[in-house]
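Enquirer: So that we are looking at the same thing, I have put the structure below in structure tokens.
The values are calculated or read from the model by the stated rules, or taken from the named source; none is laboratory data. Only a predicted model underlies this, so the values are computations on that prediction, with no experimental measurement involved. Here the Cβ positions follow ideal geometry from the backbone for every residue, glycine too, while neighbour counts run over all protein chains shown.
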Amino acid sequence: MRMSVVAGLLLAALIGSTILLADTATPQVRTVAPDSVKAGDVVTLEGDYLDQTYVSGIILTDGTTDFKAAITEQADKSIKIKVPASLKPGRFAVVVRLKKDATKEIEQPVKVTVEE
């Protein structure tokens with residue numbers, strides 16, 4: 001009897017920590033393909049925790065001005081975005097807007113280059 005109580009407590013702790021880890025998952029973009037595009041093109045961002053559970057939007061920024069990119073497809077390991085037609089040539093950082101707190105955004109370690 002005592003062993004089953006201990007096993008039950010261990011199982012509950014394991015499940016609880018798994019749920020806690022799932023709640024603290026942070027979206028991360030690892031690659032951009034292609035990394036050089038024209039305004040209006042579609043870009044694929046690949047990484048982890050990129051589905052609608054974690055990500056509510058993607059922003060491209062030059063450090064001064066932010067441009068919201070339209071998400072055309074979204075899955076756990078990838079997001080496809082349409083580069084805004086209004087973007088001028090330059091190099092833009094990728095920023096992820098979090099679903100659980102839309103006021104929080106995380107700049108990713110990848111860039112998109114927009115050509116003429």
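Enquirer: Scan (1) in contact with a Ser or Thr (Cβ under 8 Å, 6 or more places away or on another chain); (2) assigned to a loop (DSSP other than H, G, I, E, B) for the single condition Asp76 breaks and write down its number.
Expert: Of (1) in contact with a Ser or Thr (Cβ under 8 Å, 6 or more places away or on another chain); (2) assigned to a loop (DSSP other than H, G, I, E, B), only one is false for Asp76: (1).
Enquirer: Starting from region 66-93, keep only residues that are under 17 Å from Gln28 (Cα atoms), then list their pairs with residues that are surrounded by 13 or more Cβ atoms within 10 Å (Cβ to Cβ) and among the small types (Gly, Ala, Ser) whose Cβ atoms are within a distance under 6 Å, requiring at least 6 positions of separation or different chains.
Expert: Ile81/Ala69
Enquirer: Considering only region 54-64, state which residues are surrounded by 13 or more Cβ atoms within 10 Å (Cβ to Cβ) and either hydroxyl-bearing (Ser, Thr, Tyr) or part of a strand (DSSP E or B) (or both). Full working, then the answer.
Expert: Initially, region 54-64 is screened for residues surrounded by 13 or more Cβ atoms within 10 Å (Cβ to Cβ), giving 54-62.
Once the filter is applied, which keeps residues that are surrounded by 13 or more Cβ atoms within 10 Å (Cβ to Cβ) and either hydroxyl-bearing (Ser, Thr, Tyr) or part of a strand (DSSP E or B) (or both), region 54-64 yields Tyr54, Val55, Ser56, Gly57, Ile58, Ile59, Leu60, Thr61.
Enquirer: Of all residues in region 62-91, how many are more than 15 Å from the chain's Cα centre (by Cα) and among the β-branched types (Val, Ile, Thr)?
Expert: So the answer is 3.
Enquirer: Out of curiosity, is Ile58 modelled with pLDDT of 95 or more and aliphatic (A, V, I, L, M)? Talk me through it step by step, then tell me what you get.
Expert: Working: modelled with pLDDT of 95 or more: yes; aliphatic (A, V, I, L, M): yes.
In short, yes.
Enquirer: Shifting gears a bit: Do you know which residues across region 92-116 are loosely packed, with under 13 Cβ neighbours inside 10 Å and under 19 Å from the mean Cα position of the chain (by Cα)? Quick ask: steps written out before the conclusion?
Expert: Here is the first cut: in region 92-116, the residues loosely packed, with under 13 Cβ neighbours inside 10 Å are 100-104, 109, 115-116.
Of everything in region 92-116, those that are loosely packed, with under 13 Cβ neighbours inside 10 Å and under 19 Å from the mean Cα position of the chain (by Cα) turn out to be Lys100, Asp101, Ala102, Thr103, Lys104, Pro109.
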